[in-house]
Amino acid sequence: MDRPSSGMKNRVLEGFGLFKLQLADLLNYNASIRLATIWNYPSAFRDSLRSGNADVGLSMVEKMVERGDITSDDISILTDALRKCELNGVATEVEKIFGENSSQADLIQQETNRQSEDEKEAMRQCEEHGNALSTLLQATEELGRKLEVPTPTGSGMNTLTKHRRERKEVEQELLHLKSSSLESIDTTEAFIHENQPYLSALQHSETRNRIRELRKSLDRLLELSRKQLDDLTDQLLKLRTESPPQVEAVEPINLNCVTIEATDSKEKHQSIIEQLKQASDKGSPIRMLRLDKTFKTIHGNGNITLSSGLLLPFISTLVVLVVWTEEGRVLTEAELSGLLKYGSKSTGIERFTFARCDLPSLTSSREVLKELQKRGAEVKWVSTTHRLNTSSGFWGMDNIDEIRENCALGVVMYGHWRKESQALQITMLKFASENKIPVKHLRLSRCYRSVTPDGTKLTLQSGQTLPALSSVKMIIITTEDGREIPEVEFSRLVMYADQSQIIEELRFQRCELPPTVSASTISSEMKSKNFKVSYFSTGHRLDLHDRTWRIDDMGTIRASCRCGVLIYKQCSSHMHKLQMRFLTVASQNNIPIALISLRKSYRAVDATTGSIILESGVMLPRLSSLSELGINASGSELTEEDVNGLMDYSRQCSKLNFFWCFLPWSVSTHARPHSKRQVHWDPEDKDVFTLDSASSRWVNEETRMALTEREYQDMLIRFRLKWK
């Protein structure tokens, strides 16, 4: 929102006021003493001029105004006295500046008109501020109505879990709304302070009433939300401890596609399993069963253990089994063989699909291969666009239509995958390039090692070679944390990407790029293609014309903020400054920053500004749109002053997390977390503690017991032994 111009601040130095300041500069010591003597000013005043304790010229001007020797309309007494003192030059200069700053009637009228215009503009903008506050208040009231929906009496585990999840969503909305509201309130209060002369008492009162009402409503609803969450948590714990697990009736599953998701509750998993068993007993076909990040392991008896800890028994009517693992997971031959055995027991099995994972060959699992041949079932590996040859146990490339479909989704190569798996992906990518099949993006996740001097080949960490590809739209290079890429290597990578005929973007993540780029790096062809080189970790892009790093477009900044920002100790101050610049832009434009994680880069909190000082010396300013702050200070013991400073810095956040560091046993009163913020501490990658706002003590998240002083001392001993 635009603010009225601060014209009044400038105009206070016009006219007689400005003349007095300029006159004070003209009157030196000798001129002032002569004038004071001619006019017979009190001896005490003349002594003060001689002492040098005051500004001689300014003191003289104030005395002349007080005695009427100069007025806004007449300075003749002064100029006559100056000429008597043989200070003709000074008298002439005084007359000149007085003429320039004369308060004539037309100037007074212009001033009055300008003030009138500013008053109208200030009143208009005050109304806009008031409307904005009213809109925020209305949004707050709508969220409040969601909290008024009661939890049914005697609810079971699923209902309580559902209500708790809904309350959690409302709380997150309230926290986001409060962050926006506090910024709007700060802006409005600053506006009122700066434009006070222009605003009526009624406008002052109405605007401040809206501010008070908004603050009160937000605080009340956040307190209510937290209380409801605590009550629901207590009810869930009571159910779990006093009664055996209950399966509550839920909506019937769709047998055409049953998905068991990692984000679902244990109770929902149990309900789905029961319905799958019932369908299997009745002989109803399960067209597709998809394990979405829920496959944990498989046992010798053929049962699958899910991420929730429950067992998924054999389903006799399964048609298609889809296993989507956590991103980049490596499955062993025993795990793959076990999953294929599990599905092959179903007489109607037709297909297995694996995604986001690394798979081995099955040359030693002859029994499984024979069973697959008998069933006529196919095994697809989406990550490489290959299918299993059930005769040999090796993987063969899928048909061209499947390749087109998967290339349209993008390809990811992981550094920790088997060398053979990367070879399959490279074969598929070369085929796509030869057949001009567009690849949406190629993401090299910690697998890039080096590039040849001519920029025609990449060497991966596994030793595999990836030639230049002509049909890739975007190449994303995600390196090990904080890896430095020198200018020569950067130039070669740009050359490598430019060999794609349809390249649109080369993106770098988690690495440090050179601050300057030579002219030879960017060819005229690149400029004509509008080829984008983005420094995603810092929200910047390379200007191909002047070869400098500039803030990227808002879409890229939003995407980078959604992913979270990692700030590494080993990176230079140049990279840190780029990150601070883009984070400041994001905050100023109310773009939510999901996370800032300080990876060993935290040094201290500046006591004056409240900003975080990084190890590089660069300041991380306060960010109003930051949701979560993570402090990874491996092996460090933070002081109470550190914790207090970080508590204060993150007061607008919903979460503050400490990892692999040691904190004080309790936190002082003024550093207690706000009701909206959760503070977690994971000192040794074992137990996680939450700071209780009432007692300022750490509480074990699993046992809900406060950390005792004895336990704390034992942890401290283990911590120091580990990090010494």
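The values are calculated or read from the model by the stated rules, or taken from the named source; none is laboratory data. What you are looking at is a predicted structure, and each value in this text was computed from that prediction instead of being measured. So basically every Cβ, Gly included, is an ideal-geometry build from the backbone, and we count neighbours across all protein chains shown. To get the accessible areas, we keep the full protein, side chains included, count just its heavy atoms, and leave off ligands, DNA and RNA. Shrake-Rupley method; radii C 1.70, N 1.55, O 1.52, S 1.80 Å.
Classify the range 542-628 as rounded, prolate or oblate, taking a ≥ b ≥ c as the square roots of the eigenvalues of its Cα gyration tensor: rounded when a/c is under 1.5, otherwise prolate if a/b is larger than b/c and oblate if not. Oblate.
When Ile551, Ile77 are compared by accessible area of protein heavy atoms, the largest-first order is Ile77, Ile551, using a 1.4 Å probe. Among Asp281, Asp80, the sequence by solvent-accessible area, most first, with a 1.4 Å probe is Asp281, Asp80.
With all protein chains kept in place, the per residue accessible area of the range 22-68 amounts to 55 square angstrom at a probe of 1.4 angstrom. For the listed peptides 636-647, 712-723, a ranking on the average number of other beta carbons within 10 Å per residue, highest first, reads 636-647, 712-723. Per-peptide packing, taken as the mean over residues of other Cβ atoms within 10 Å, places 651-659, 526-534 in the sequence 651-659, 526-534 from highest down.
Could you tell me which of rounded, prolate or oblate describes the range 294-348, using a ≥ b ≥ c as the square roots of the eigenvalues of the alpha-carbon gyration tensor, with rounded for a/c under 1.5 and, failing that, prolate when a/b is larger than b/c and oblate otherwise? It comes out prolate by the Cα gyration axes.
Under 5 Å between amide hydrogens, built in the peptide plane, is the criterion, and for Gly410 it picks out Lys440, His441 among residues at least 5 positions away or on other chains. Other residues within the sphere of radius under 12 Å centred on the Cβ of Leu359, judged by their own Cβ, net out at +1 (K and R +1, D and E -1).
Evaluating 6.51 cos²θ - 1.76 cosθ + 1.60 at θ = phi - 60° for every residue in the range 342-358, the Karplus couplings come out as 4, x, 5, 5, 7, 5, x, 5, 10, 8, 10, 10, 10, 9, 6, 9, 9 Hz, glycine and proline recorded as x.
Carbon-plus-sulfur accessible fraction, the range 604-714 (probe radius 1.4 Å, protein heavy atoms only): 47%. Computed on protein heavy atoms with a 1.4 Å probe, the accessible areas place Met397, Met288 in the order Met397, Met288, largest first.
Classified by the C-alpha gyration tensor, the range 336-420 has a prolate form. Its axis ratio a/c, with a ≥ b ≥ c, is 1.5 or above, and a/b is larger than b/c. For the pair the range 348-426 / the range 577-641, the C-alpha centres are spaced 44 Å from each other. Here is the list for the range 459-526: trypsin sites (Lys or Arg not before Pro) lying in DSSP coil, each with at most 16 other C-beta atoms within 10 angstrom of its C-beta, are Lys473. Accessible area per residue was computed with a 1.4 Å probe on protein heavy atoms; Ser265 scores about 30 Å². Checking the cross-link pairs Lys430/Lys457; Lys277/Lys341; Lys282/Lys374 against a 20 Å limit on the alpha carbon distance flags Lys282/Lys374 as lying beyond it. For the range 311-403, with all protein chains in place and a probe radius of 1.4 Å, 50% of the accessible heavy-atom surface sits on carbon or sulfur.
In order along the range 381-387, phi translates into HN-Hα couplings of 10, 4, 4, 10, 6, 10, 10 Hz, rounded to whole numbers, per the Karplus curve 6.51 cos²θ - 1.76 cosθ + 1.60 with θ = phi - 60° and x for Gly and Pro. For Trp549, the solvent-accessible surface computed with a 1.4 Å probe is close to 20 Å², ligands and nucleic acids excluded.
Over all other residues within a Cβ to Cβ distance under 10 Å of Glu378, the charged ones net out to +2, with Lys and Arg as +1 and Asp and Glu as -1. Counting Lys and Arg as +1 and Asp and Glu as -1 over every other residue whose Cβ lies under 13 Å from the Cβ of Gly482, the net charge comes to +1.
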